[in-house]
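Asks: There's a structure below that I have some questions on.
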Ligand code: GLN
């Protein structure tokens, strides 16, 4: 813990940690020391970790990367962070993220972006750590903490993991409790670990997840021993390669990475099967209707009354002016865009044309996966991202749709509620990390982690 606290102090330029909690860390570490005398102390005991700013942490600022939550001090602890503390984990502080987890580059954060510790060769240009869990990814990659929590609504664990050369798993929807996590799109949001290895991901996921009566969508299922299931034995497993993920204009190095991963699995004894997920091309448009729709509803609670920031009002301003001024000041441009898209697609005149249609498309995407699993496919191998980490500013200044295209390989998994893991398996020509994604059957994270172990 002391080594991590020192590393964090020396790495301010990465802008990964946005709230520091050294006193809490040292107190938890002392308790962990006492517990570690016990032979059966949990594997997480004493491990210093970072917590994404989206998690409510008791008496510690929890702003979800937004100005509108300035000054908000939760009176409760999220179930996931509480589970980790119960297992003996030590919290070093809160990690940077895109505002309300909306983004793929960490550039929508009120704190300014976190920075990827990797560079292109000798080029000094700073790169994005990805988003929205960019602070978590940068902190783990730069050894500021041993692991971090992330959340993934459309790829926000897997894309930053791939951009920084670490491992990140989004579990099956319902595996981790969402209680105490600031809601973005409730039917898609899932928490998960971001770690240095597949084994660490197995250990941390086991500590994080489990049934929680406070979240009605949390599954009442036993938590397997994920670490014990890590054999890396993929002999006889059927790994599907979906043809729709071979996108036009995909860089050659991503294609090579994918082929190398396929060869690795085949050499390890897996059976490689070409599959089709025919509705893949509708996933991004469906996601960018459903996620903003749910966000516009979830974010209605930020009204200047109940939480955080309230704008200064002029004489004679009423409640409408208070809402308008507070939201204009408190929400950044990307969040405002999502709220406007969301209210539009949910409005009476457009509900059927957009929201309802997107929900039907979502069902078809889910069915594509069910069909291939029914054919005996165990997991699906794809690239995690369409490119390596890009330069800060490169995409943020472009059309927002360019940024949305980053999520092309990851959003399908959230729409279908499946588990997906990103594992670093290669590098591009300039030495930047690249990752592959494995998508698993629902609730079969143990099997998914074990197969990912074979790729590592
Ligand atoms: N980049 C996606 C978005 O902006 C995904 C974000 C996430 O998974 N939280 O919506």
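Asks: Please list the equivalent ellipsoid semi-axes of the chain, computed as the square roots of five times the alpha-carbon gyration tensor eigenvalues, in descending order and whole angstrom.
Replies: After diagonalising the Cα gyration tensor, the semi-axes are 31, 28, 22 Å.
Asks: What's the exposure ranking of 325, 170, 243, going from fewest to most Cβ atoms within 10 Å?
Replies: Final ranking by Cβ density, sparse to dense: 243, 325, 170.
Asks: Calculate how large, on average over all directions, the projected area of the Cα convex hull of the range 326-411 is; give the answer in nm² to one decimal.
Replies: Its Cα hull, projected and averaged over all orientations, spans 8.4 nm².
Asks: Once both labels are modelled 7 Å past Cα along the beta-carbon direction, what's the residue 76-residue 402 spacing in nm?
Replies: Here the answer is 4.2 nm between the modelled labels.
Asks: So for the chain: antiparallel DSSP bridges make up what percent, rounded to the nearest 5?
Replies: So the antiparallel bridges in the chain amount to around 65 percent.
Asks: So, one more: Determine the gain in length on full extension of the stretch residue 256-residue 363; use 0.36 nm per residue of separation and subtract their C-alpha separation, reporting nm with one decimal.
Replies: Stretched fully, the residue 256-residue 363 segment lengthens by 35.3 nm.
Asks: How far, in nm, would the chain grow between residue 456 and residue 246 when pulled straight, counting 0.36 nm per residue and subtracting the alpha carbon separation?
Replies: 73.4 nm
Asks: Would you mind ranking 436, 36, 14 so that the residue whose beta carbon has the fewest other beta carbons within 10 Å leads the list?
Replies: 36, 14, 436
Asks: Right, next: Looking only at Cα atoms, what is the convex hull volume of the range 406-456 per residue, in Å³?
Replies: Per residue, the Cα convex hull of the range 406-456 comes to 61 Å³.
Asks: Now for a different question. With each pseudo-label sitting 7 Å past Cα toward Cβ, what's the residue 233-residue 315 distance in nm, one decimal?
Replies: Roughly 8.1 nm, to one decimal.
Asks: Still on this model: Take 338, 119, 327, 158 and order them by how many other Cβ atoms sit within 10 Å, fewest up front.
Replies: In increasing order of surrounding Cβ atoms, one gets 119, 327, 338, 158.
Asks: Please report the equivalent ellipsoid semi-axes of the range 282-353, computed as sqrt(5 x eigenvalue) of the Cα gyration tensor, largest first, in whole Å.
Replies: 28, 13, 9
Asks: Take the alpha carbon atoms of the range 116-160, find their center, do the same for the range 237-304, and report the distance between the two centers in whole angstrom.
Replies: Between the Cα centre of the range 116-160 and that of the range 237-304, the gap is 20 Å.
Asks: Rounded to a whole number, what is D in µm²/s for the range 1-70 from Stokes-Einstein with the Kirkwood radius over alpha-carbon pairs (4 °C, 1.567 mPa s)?
Replies: 94 µm²/s
Asks: To continue, here is another question. How far apart, in nm, are the 7 Å Cα→Cβ label points at residue 214 and residue 38?
Replies: 2.2 nm
Asks: Let me ask something else. What is the list of residues in the range 83-127 whose amide nitrogen lies under 17 Å from a point 7 angstrom out from the Cα of residue 7, following Cα to Cβ?
Replies: Label zone hits: 89-96, 115-119.
No lab work stands behind these numbers, since they all come straight from the coordinates. Quantities reported herein were computed from a predicted structural model and do not represent experimental measurements. When we count neighbours, we look across all protein chains shown, and the Cβ atoms used for this are built from the backbone with ideal geometry, even at glycine.
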